[in-house]
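Asks: Following this message is one structure expressed as structure tokens.
The values are calculated or read from the model by the stated rules, or taken from the named source; none is laboratory data. Only a predicted model underlies this, so the values are computations on that prediction, with no experimental measurement involved. Using ideal geometry, Cβ is built from the backbone for each residue, glycine included, and neighbour counts are taken over all protein chains shown. Heavy atoms of the whole protein, side chains included, go into the accessibility calculation; ligands, DNA and RNA do not. Shrake-Rupley method; radii C 1.70, N 1.55, O 1.52, S 1.80 Å.
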Amino acid sequence: MLIELLHLMTTPVPLAHRRHLRESVLLLSRSRRCRAAWASHLEQARAAVIASCAGLRHRRVAVVLGSGLLQDVPLAHLAQTFEAVHLVDAVHLWPARRQARAFPNVRLITADLTGGRNGGGPLPALCGGDRVDFVVSANVLSQLPILPLDRAGPVPAELGARIVRAHLDGLARLAARVCLLTDVEQVEEDRVGRIIDRLDLLHGVDPGTPDRRWTWELAPYGEAARHLRQRHRVVAFLDWRGPQTRESRPEPGRLS
């Protein structure tokens, strides 16, 4: 509790983004408690990013959307591979800030990727430059609708799907190679393996056929509930251009 309070009191964050701060701090605490359970997911996410940026003709600017705690981002590899790396999130906690400071070509950018109730977003301004050669959407897609849907007052119909679709459409329009990492489904199980609940994390939007997929043990038994665990189904697209173009494209860095 004291560490969480310290982060809440000392993390630099614009007033408009303070609603994201508490969620970031809680995520940091959970990541520490669940370090062993999360290890495989984080390793596979970092490996997917490394595979995705292999073979690029130009390696000028890489942009990481939803850089968060940087646990699923191979920051050292990106900093060594690209001339500049831009880490984009609504909140940058101190552990991430310390990691970024170790690399002179890494820049922190504070931005809200949700687009609010309109479902839009700042992707063109963040990723549309001529020097941007690589963009990572780092396990942020399923998170974008959460706060807009939790706000008080009437919620527009299909807001969650609209926000998810807007992010995907924005990624598909970019000239840069895009690595899309996202969790797509939450499954809640009891101790004998019975499925108690399922949750579509992308609000009915189908991102297409991924290049890689794995399971993330988000909340092992005892974390969220004594006799239940929450597992997320995670997918990785190594060269995102939209779901209609997935079938015949080889993985970056591999021969077809």
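Asks: From the list 8, 15, 21, pick out the single residue that is loosely packed, with under 13 Cβ neighbours inside 10 Å and at pLDDT below 95.
Replies: Of 8, 15, 21, the one residue that is loosely packed, with under 13 Cβ neighbours inside 10 Å and at pLDDT below 95 is 15.
Asks: Here is a follow-up. Within segment 179-188, does at least one residue satisfy the condition of being within 24 Å of residue 26 (Cα to Cα), buried (at least 16 other Cβ atoms within 10 Å of the Cβ), more than 15 Å from the chain's Cα centre (by Cα) and not polar (S, T, N, Q)?
Replies: yes
Asks: So, in segment 60-91, of the ones that are over 22 Å from residue 144 (Cβ atoms) and polar (S, T, N, Q), which residue ends up most open to solvent (accessible area, probe 1.4 Å)?
Replies: Result: 80.
Asks: Suppose we keep only residues that are surrounded by fewer than 16 Cβ atoms within 10 Å (Cβ to Cβ) and closer than 19 Å to residue 143 by Cβ within segment 157-171. Which one would you say is modelled with the highest pLDDT?
Replies: In this case the residue turns out to be 169.
Asks: Looking only at residues that are open to solvent by less than 30 Å² (accessible area, probe 1.4 Å) and assigned to a strand (DSSP E or B) in segment 189-215, which one is nearest to residue 38 (Cα to Cα)?
Replies: The qualifying residue nearest to residue 38 (Cα to Cα) is 214.
Asks: From the set of residues in segment 141-156 that are loosely packed, with under 14 Cβ neighbours inside 10 Å and small (Gly, Ala, Ser), which is farthest from the chain's Cα centre (by Cα)?
Replies: Restricting to residues being loosely packed, with under 14 Cβ neighbours inside 10 Å and small (Gly, Ala, Ser), the top hit is 153.
Asks: Report, by residue number, each residue of segment 45-59 that is within 13 Å of residue 178 (Cβ to Cβ) and either open to solvent by 10 Å² or more (accessible area, probe 1.4 Å) or modelled with pLDDT under 95 (or both).
Replies: Residue satisfying the conditions is 56 alone.
Asks: Sort out which residues of segment 216-239 are closer than 30 Å to residue 54 by Cβ and in a strand (DSSP E or B), and write them in order of number.
Replies: Across segment 216-239, the qualifying residues are 216, 217, 218, 231, 232, 233, 234, 235, 236, 237.
Asks: I've got another one for you. Report yes if residue 91 is in contact (Cβ under 8 Å) with a residue 60 or more places away in the chain, among the hydrophobic types (A, V, I, L, M, F, W, C) and not in a helix (DSSP H, G or I), otherwise no.
Replies: Taking the combined requirement at face value, the residue satisfies it.
Asks: Quick check on segment 102-117. Is at least one of its residues among the aliphatic types (A, V, I, L, M), at pLDDT below 95 and within 27 Å of residue 158 (Cα to Cα)?
Replies: Looking through segment 102-117, at least one residue is among the aliphatic types (A, V, I, L, M), at pLDDT below 95 and within 27 Å of residue 158 (Cα to Cα).
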